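Any read-out appearing in this document is the output of simple, stated calculations on the displayed coordinates, not a laboratory observation. Being a predicted model, the structure only gives us computed values, none of them experimental. In this analysis, Cβ positions are derived from the backbone assuming ideal geometry, glycine residues included, and neighbour counts consider all displayed protein chains.
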């Protein structure tokens, strides 16, 4: 955790990735009423035990870049898909998304 003066809050640098087991995925799908997602390739592979329970994680390179470069949004240091509301809010704030 580092203090980000630009955002006036603590910024977590590390990225723990995701951790999900077949049992927890089943429960999440049921609670979200998204059982049809069991048919998706990622979900099928995880449910069959073909994937590790933990994927991703690391030092949070993009967050570190945000902190060191004084950026307000992670989209200023990495490209991704941003919904219309996020793009609009960033445009209004003068934030240029990659």
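At a glance:
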| read-out | value |
| --- | --- |
| Qualifying residue in segment 47-66 (condition: assigned to a helix (DSSP H, G or I) and more than 23 Å from residue 2 (Cα to Cα)) | yes |
| Residue satisfying condition, being in contact with a helix residue (DSSP H, G or I) (Cβ under 8 Å, 6 or more places away or on another chain) and surrounded by 12 or more Cβ atoms within 10 Å (Cβ to Cβ), within set 27, 87, 19, 37 | 37 |
| Counted residues, segment 6-46 - those being part of a helix (DSSP H, G or I) and either closer than 30 Å to residue 94 by Cα or touching a strand residue (DSSP E or B) at 6+ places or on another chain (Cβ under 6 Å) (or both) | 0 |
| Residue among 49, 60 that is in contact (Cβ under 8 Å) with a residue 24 or more places away in the chain and over 24 Å from residue 9 (Cβ atoms) | 49 |
